[in-house]
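*Asks:* Got a structure here, written out as structure tokens. Questions coming.
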Amino acid sequence: MGMWLVIRRIPSWVFPLALGVLLIFLPMLGLDYGTTRNLQLACILALVVSGLNLSLGYAGELAMGQAAMYAAGAYVAGLMSVHGHTDLFLQIIVASAVALVVGVVTGIPALRLGSWSLAMTSFFLVLLIPDVLSIFSVQTGGQNGLTGMVPATLFGGTISTEAFYIVVVVVMIAWFAVFRNLVVSRHGVAFRTLKQSPILASAQGISVYRMKLTAFAIGAIPAGLAGALFANLDLYISPLSFSFTIAMTVLAASILGGSASVYGAFAGALIMQFGPNQSTEFQDYALIFYGIFLIVGGVLLSGGLAKYAKLGIAKLDRMAGWAPPTPTARPGDALPEQAIAGEKLVVSGLEKSFGGNKALNGVELTALPGQITALIGPNGSGKTTLMNMIGGFYRSDAGVIRLGDGELQTLTSDAVARRGVARTFQTPNIPEEITVLEAVQTGRYTTDRVSMLASILRLPKYWKVKHEDHFEAMRVLELVGLAEQAHEKASDLPLGNRRLLELARAVVARPGLLLLDEIASGLDEHEIVRLAELVRQIRAAGSTVVLVEHNFDLVLKLSDVIYVLAQGQVIAEGTPDEIETNPRVLTEYLGISVEEVSS
């Protein structure tokens, strides 16, 4: 297994690049015209599939509209050729821009409606292609197709058949480099977080709507690229090339190769192009076969071929005894005192109703920096509602939530997070298929902002923020004792470590306000002691901590101030000693009568 250890030291991007270079030179090995053409069609299909992978596999939004954007790119390039604009580079740029516009225009209303609206809207968009082409039949040729195109040129010279093949492969390689750079950056992890839980994404400062629209819009670009290349392949475009069948082909290739994969798009496209698409009988019953494939394949091939490739690599790693090097943090891993600039939280006159139920009724609460303010009460008392309102997930009916010098009650949840509010959840919310280190780094998404363009082009700003994300995440992982598991799959951690991971993710950006919601739930005594010590360190660092917890003993040991809620109102507030002996708290919260305490 020594050879495998040598291979694992090679950067992962080298192998797909080598495959791409080999693909460029394949025709020189004596391939016949039919095979070369199918390779070009597979590359073009892979471009379209990669766009779906971005929106579906990474952002979690099913969109069937890639076929429409593919058609838009093809007809734009075709019409440019017919009217004398034969430069392929210009056609590719314009076709991509038009596909992007189509993606944005169709995505905005669909994503506003939410749920399955994007899938349905894009589905009908594909069905409308023949009708749109018929309406503009004078320009597009209608059902007869667009003719009159002339061979494309590049840098003033006509592109030969052999050169066009190279152009197709190079464009695919270039796009996959862009795709890869995007999804392995912090934005890629943000997409995965969005796919896992829009609520979690919002709590980390990610605008759910904007991020979904971005994924859908960027996913339209390779479809436009593919359309321009396809139009110049045969110099003829037919509406039949963009029917619902191509939409199903794209979806099938995505599932087969692996939706949450960069290079799975090419693997799926290659199989679909050289497999069923070569059979005339299959073409006659394509939709039936695709339906069966999507049902059976979606169950048996969950994760696609990319998943099994990852499992195979993991098995070889175990056999060879290879493990990624343990990342290190900078000196001074522990949070020094006053390292977090906590902000004063003041809640005054807060009210919230759900239907006829008054969840909160004139709640008053103050939390100070360097203190742990606990919120306790029986189930249904309004604790979670109050936390969600502070976090921006609910809008108040009346009252003010002030943090520092600004108010929060009118802000959305992602805006509240960007304002410096971090939180944990009652049930640990950890995205799948990301490492412990990546999970903590997502807590810094709204700090040291870096654009997607900088991430794609690997500009200096990208590297600076990448290193900061790494060191800050490792600093906090050292604090919570998870540094040795930095490269493990985050969702595979036991419950106790997942809660520590959530705490690390919440505190990594040094928030002005930290909301801890039932963070000790499900932990054993040893884990609770460890957790309590960590929360004390965070308090000592200067953070403003609001703690909702059912473990009364833990609340008494940790808190500086305790507020008790019952039926949406604060019935008591004070120090742990005062709350522990408060008759009303004992009666309404603990169910102990004053007579029982006296005796």
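*Asks:* Got a sec? Which residues in the stretch 450-486 would a label at THR435 touch, if it sits 7 Å along Cα→Cβ and we count backbone N under 16 Å?
*Replies:* Hits in the stretch 450-486 for THR435 at 16 Å: 466-478, 482-486.
*Asks:* So, for the chain, what is the accessible surface per residue at a probe of 1.4 Å, expressed in square angstrom?
*Replies:* On the way: 25990 Å² over 599 residues.
Per-residue value: 43 Å².
*Asks:* When Lys and Arg each count +1 and Asp and Glu each count -1, what net charge do the other residues less than 12 Å away from TYR263, Cβ to Cβ, add up to?
*Replies:* Numbers: positive: ARG180, LYS310; negative: none.
Charge balance in the 12 Å sphere: +2.
*Asks:* Helix-only mean residue ellipticity at 222 nm, the chain, DSSP H runs n ≥ 4 weighted -39,500 (n - 2.57), per residue, nearest 500. What is it?
*Replies:* Values: 28 runs with 332 residues, N = 599.
Rounded to the nearest 500, the figure is -17000 deg cm²/dmol.
*Asks:* Next question, about the same structure. Compute the angle between helix 161-183 and the longest alpha-carbon principal axis of the chain, please, reported from 0 to 90 degrees and rounded to the nearest 10.
*Replies:* Taking the Cα atoms of the chain, the angle to 161-183 is about 0 degrees.
*Asks:* Can you give the relative contact order of the chain as a percent, counting alpha carbon pairs under 8 Å and 6+ residues apart? Before the final figure, lay out the partial values.
*Replies:* On the way: 1081 pairs, mean separation 100.3, N = 599.
Answer for the chain is 17 percent.
*Asks:* Next question. Which of rounded, prolate or oblate describes the stretch 1-156 when judged by the alpha-carbon gyration tensor and an a/c cut-off of 1.5? Provide the component values of the computation, followed by the final result.
*Replies:* On the way: a/c = 2.45, a/b = 1.27, b/c = 1.94.
Oblate is the answer for the stretch 1-156, as a/c is 1.5 or above yet b/c matches or exceeds a/b.
*Asks:* For a quick check: with amide H placed at 1.01 Å from N, whose amide H comes under 5 Å from GLN371's, ignoring anything fewer than 5 positions away on the same chain?
*Replies:* Residues meeting the amide H criterion: VAL545.
*Asks:* Between the helical axis of 304-320 and the dominant principal axis of the chain, each derived from Cα atoms, what acute angle in degrees is found, rounded to the nearest 10?
*Replies:* Computed tilt is about 70 degrees.
*Asks:* Using a 1.4 Å probe over the heavy atoms of the protein chains, calculate the carbon and sulfur portion of the accessible area of the chain as a whole percent.
*Replies:* Looking at the chain in its full context, I get 61 percent from C and S.
*Asks:* Per-residue HN-Hα couplings for the stretch 540-550, Karplus 6.51 cos²θ - 1.76 cosθ + 1.60 at θ = phi - 60°, whole Hz, x for Gly and Pro?
*Replies:* Residue by residue, the stretch 540-550 yields 5, 6, x, 6, 8, 10, 10, 10, 9, 7, 8 Hz.
*Asks:* Once both axes come from the Cα atoms, what is the angle between helix 460-480 and the longest principal axis of the chain, in degrees from 0 to 90, rounded to 10?
*Replies:* Once rounded, one gets 40 degrees.
*Asks:* Spelling out what I want: for every residue of the stretch 362-368, take phi, set θ = phi - 60°, compute 6.51 cos²θ - 1.76 cosθ + 1.60 (Karplus), and round to whole Hz; glycine and proline get x.
*Replies:* Karplus-based 3J(HN,Hα) across the stretch 362-368 equals x, 6, 10, 7, 10, 10, 10 Hz.
*Asks:* Hey, another quick one. Within the chain, how many Lys pairs that are eight or more residues apart, or on different chains, come under 25 Å at the alpha-carbon?
*Replies:* Lysine pairs satisfying the spacing and distance rule in the chain number 21.
The values are calculated or read from the model by the stated rules, or taken from the named source; none is laboratory data. All values reported here derive from a predicted model rather than from experimental measurement. Backbone-built Cβ (ideal geometry, glycine too); neighbour counts: all protein chains shown. What goes into the accessible areas is simple: the full protein's heavy atoms, side chains included, and nothing from ligands, DNA or RNA. Shrake-Rupley method; radii C 1.70, N 1.55, O 1.52, S 1.80 Å.
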